[in-house]
Amino acid sequence: MNRQPNQGMGYLAGIKEIRALVKDADYIGLKMIESEDLLKSFLSKMFSYRPTLIRLLYRLRSPLVRLLGFKQDSMPALDEWIPDDFPMLPCGNVWFFTVQKVEEDRYWIAGCPRDRHLDADMAVVAQPIGGRRKRFYIATVVRYKHWTGPVYFNIIRFFNLFLVNRMVRMAVRSKKSFRIVNGLW
């Protein structure tokens, strides 16, 4: 797959829920990958990534959030993060995301707990491209609400990119070849 991320923008811009999600965003990170999975199956595989490294990153985050005046809740056990049946209805939870909007086999939008410094959301969109193949767009959308928002996000941005990349790789781990295209909206 030798495409630039902006080639899919026409498809994404055609979905009003995605247009509303990215409106006034301060940061939009985008990954693309192709698969034959249905959206729910792709998401379930993606969120089955259970990195032990995340516990360390969460602990390292603690002094930073205290310094910036945020509150950090304790981290649940990794087994508590993923329900047996992947949530495809609003208000369902997976990891620290709450599902906001879903259209079956088209898009899934979920948000992190709202905080005073920034809002962060994730969208996964499935674009049919022929036969059973779909192009999946995985978007990270961030809106800053306070001067601490860009400070915090730019410090953790590498970890966000690493984690989302690993999650996408997990979704296609059984495939022999794939390519993740990174980009900004």
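No lab work stands behind these numbers, since they all come straight from the coordinates. This one's a predicted model, so the numbers in the text were calculated from it and none came from an experiment. Every residue, glycine as well, gets a Cβ built from its backbone with ideal geometry; the counts of neighbours run over all protein chains shown.
Between ARG173 and LYS145, what FRET efficiency comes out of the Förster formula 1/(1 + (r/R0)^6) with R0 = 41 Å and r the beta carbon distance, rounded to 0.05? For LYS145 and ARG173, the calculated efficiency is 0.70.
Full extension of the chain between ASP24 and ILE156 yields a length gain of 45.4 nm, computed as 0.36 nm times the residue separation minus the alpha carbon distance.
Extending 7 Å from Cα along the Cβ direction at ASN165 and again at ASP85 yields two label points whose distance is 3.6 nm. 3J(HN,Hα) along the range 153-164: 5, 5, 6, 8, 4, 4, 5, 4, 4, 4, 5, 5 Hz, from the Karplus curve 6.51 cos²θ - 1.76 cosθ + 1.60 with θ = phi - 60°, whole Hz, x for Gly and Pro.
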